[in-house]
Ligand SMILES: [Zn+2]
Ligand SMILES: [Zn+2]
């Protein structure tokens, strides 16, 4: 039975969103979700000059700790992530692999001097989690209007896309899901 494992990493204020996010992801991907208390060492990923956390390093740790039974692993964090070639990222994933990572850091209205909006933060987090997990199902970026696999550079772009896969992406996810077993 395929299982999606959710791993909170120094989750801070998003800690309360883990369970509701898990329920949404279970519905979207048709897989049971379990929350795991995997010990991830965030200090190893921290770059003191940038004041940010290397998402590659966190992904590598997620994979190193992943039990065989976890078909897909999603790390959920609230820290400021980067990949070496980019200044910031909402998340990262292995294309057609097992692990993905998403952060709420850039999704919080308060970072932009706007009033806190918990419902909006949650919707953004769901979209980015579905997007990153979509990559682990082999999906590349999609150019169809509101498809969740559209690439978003800024948080406004996340608000413009929907939480849904377009028909073509959804078909690909379902095919992949079927190959992972019942
Ligand atoms: Zn992407
Ligand atoms: Zn699409």
Need one number: the % of Cα-Cα pairs in the chain sitting beyond the 25 Å mark. 28 percent
Burial ranking of peptide ranges 130-142, 16-28 (average Cβ count within 10 Å, highest at the top): 130-142, 16-28
Ranking request for peptides 109-121, 66-78, 145-157: highest mean number of other beta-carbon atoms within 10 Å first, then the rest in descending order. 66-78, 145-157, 109-121
Largest first and in whole Å, give the semi-axes of segment 74-182's equivalent ellipsoid, each being the square root of 5 times a Cα gyration tensor eigenvalue. 24, 15, 12
Only helices counted: for the chain, with every DSSP H run of 4 or more residues adding -39500 (n - 2.57) and the sum spread over all residues, [θ] at 222 nm is -11000 deg cm²/dmol
Whole-Å distance linking the alpha carbon centroid of segment 77-111 with that of segment 116-154 is 11 Å
State the volume of the convex hull built on the alpha-carbon positions of segment 1-79, expressed per residue in Å³ and rounded to an integer. 87 Å³
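Coordinate-derived values only; no laboratory data. Please read all numbers here as calculations on a predicted model, not as lab measurements. So basically every Cβ, Gly included, is an ideal-geometry build from the backbone, and we count neighbours across all protein chains shown.
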